[in-house]
């Protein structure tokens, strides 16, 4: 885990830096997707989330869920195309701030069966490269992260 | 950030539907070469706008709106249901995401500053109350909201020439008429408009000139009048069909707000508590963590009959804590010794605290 200006960037995940989405591949080939720490900082406390249904196929860039925070609403875009295998609706139903509290753990958004998994070709970065991209991005944005649920 | 000029779209009044779809269209049509846009528009007829995740049937009195001829239109911006008409000038910013500050809160600082400067230029002592309210001496003057639409970050708000408080309260679906009265009273007490502040609102052109000066100052960029592009208009027409459809209006919402937010620090909520002696209803107005106003009703039998009103007066101004409320009510029971079978002090406290719990996450 790398922390830069308060923003956690775990080196073991893949990132779409422009869309502010993280991806964790599982041994069964599915991908778990979630909001990054910078993303939850930028959008603020989640107030509501509406998930697309499991079984729905999404192209890269399409929204897997719409998120409404106290002051903002927007999509949660998937960086890779695939079919929604599972959503984290039950966890959000119990704790709507879970993505603010634990963006890389219990606050994941959807699990996807990807059409293909070729992270480099899909513009994703990981490890030191991801940390460096985020450090540049965080500086550009003048961002300091904090867990909005605190 | 960028130094390129901002396009101004100062539109003639448009239909209620188009007043919503047009800024969504400009947002979704924003390409790499598109300019940032400030759009000014008013609806040519009244309507009700509901938040992105609201359940229309639970929040709005749909039969009344249909009878009165008010369309109900879901927007992609969050927040609550609001009655809108030609007395508001919508001020919509549709910008490339990296041309605005990174966080939503910082974006509102810039956006609110443009509205505050406008009102001040018109002689109204407006202030930004973070996160996204504009206040004049503790009264809110207009609301703001934000959303992401593909590559665009959109921030919307309005300049309030006037506001129809009674119709706003009428279009909402409320649990009781008492609650509706409280909404009207609260909107009257805690909202203001240019008409209220100045007697007569200034001419639209005067307000627009002040607003554009303010935008130039806060954004440090030129603003040039422009026109809608054909692709933006075409997309607006497509969105007209979607936004007017039942599927979009009835999309599963589920975000139930059992309160009405008047402004950032003031909410009206209602809750019921079943005591052994009857149902206690509590309509509560909360202001900055204190009971601003409270009204009890129910099917209990009380002697003295003035008891619910006595408690209303007793609790006004009290801090919202179980301990404080409990102490005041127990003291009343000790002093007055009311006859109210099956209703203990703890039942009143439970009704108040349940209503108070309907606070939204800030």
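The values are calculated or read from the model by the stated rules, or taken from the named source; none is laboratory data. Given the structure is predicted, the values throughout are model-derived calculations rather than measurements. Positions of Cβ are generated from backbone atoms using ideal geometry, with glycine treated the same way; all protein chains shown enter the neighbour counts.
The table for this structure:
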read-out: Residue check for residue B:100: at pLDDT 95 or above and either assigned by TED's automatic domain parsing to the domain that holds residue B:187 or surrounded by fewer than 20 Cβ atoms within 10 Å (Cβ to Cβ) (or both); value: no
read-out: In segment A:80-105, the residues that are within 14 Å of chain B (Cβ to nearest Cβ), without any contact (Cβ under 8 Å) to a residue 12 or more places away in the chain and not in a helix (DSSP H, G or I); value: A:95
read-out: Qualifying residue in segment A:20-41 (condition: closer than 22 Å to residue B:98 by Cα and without any contact (Cβ under 8 Å) to a residue 40 or more places away in the chain); value: yes
read-out: Subset of segment A:46-79 [within 10 Å of chain B (Cβ to nearest Cβ), part of a loop (DSSP other than H, G, I, E, B) and crowded, with 19+ Cβ neighbours inside 10 Å]; value: A:70, A:71
read-out: Wholly enclosed strands (runs of 3 or more DSSP E) of segment B:212-307 bearing at least 3 residues in contact with a helix residue (DSSP H, G or I) (Cβ under 6 Å, 6 or more places away or on another chain) and touching a residue at least 24 places away in the same chain (Cβ under 8 Å); value: B:259-263, B:266-275, B:278-287, B:290-298
read-out: Residue under evaluation residue B:256, criteria (1) under 30 Å from residue B:144 (Cβ atoms); (2) modelled with pLDDT of 85 or more; (3) surrounded by fewer than 16 Cβ atoms within 10 Å (Cβ to Cβ), criterion not met; value: (2)
read-out: Filter pass, residue B:113 being more than 21 Å from residue B:221 (Cα to Cα) and touching a residue at least 40 places away in the same chain (Cβ under 8 Å); value: no
read-out: Test set (1) part of a loop (DSSP other than H, G, I, E, B); (2) touching a strand residue (DSSP E or B) at 6+ places or on another chain (Cβ under 9 Å); (3) farther than 26 Å from residue B:268 by Cα - residue B:142 fails condition number; value: (3)
read-out: Exclusive hit being assigned by TED's automatic domain parsing to the domain that holds residue B:207 and at pLDDT below 95, set B:122, B:115, B:187; value: B:187
read-out: Residue check for residue B:169: over 25 Å from residue B:94 (Cα atoms), assigned by TED's automatic domain parsing to the domain that holds residue B:31 and touching a helix residue (DSSP H, G or I) at 6+ places or on another chain (Cβ under 9 Å); value: yes
read-out: Checklist (1) exposed (fewer than 15 other Cβ atoms within 10 Å of the Cβ); (2) not assigned by TED's automatic domain parsing to the domain that holds residue B:173 applied to residue B:234, failing item; value: (2)
read-out: So residue A:115, is it under 15 Å from the mean Cα position of the chain (by Cα), at pLDDT 95 or above and surrounded by fewer than 22 Cβ atoms within 10 Å (Cβ to Cβ); value: no
read-out: In segment A:106-150, the residues that are part of a loop (DSSP other than H, G, I, E, B) and without any contact (Cβ under 8 Å) to a residue 60 or more places away in the chain; value: A:106, A:115, A:116, A:118, A:120, A:121, A:142, A:150
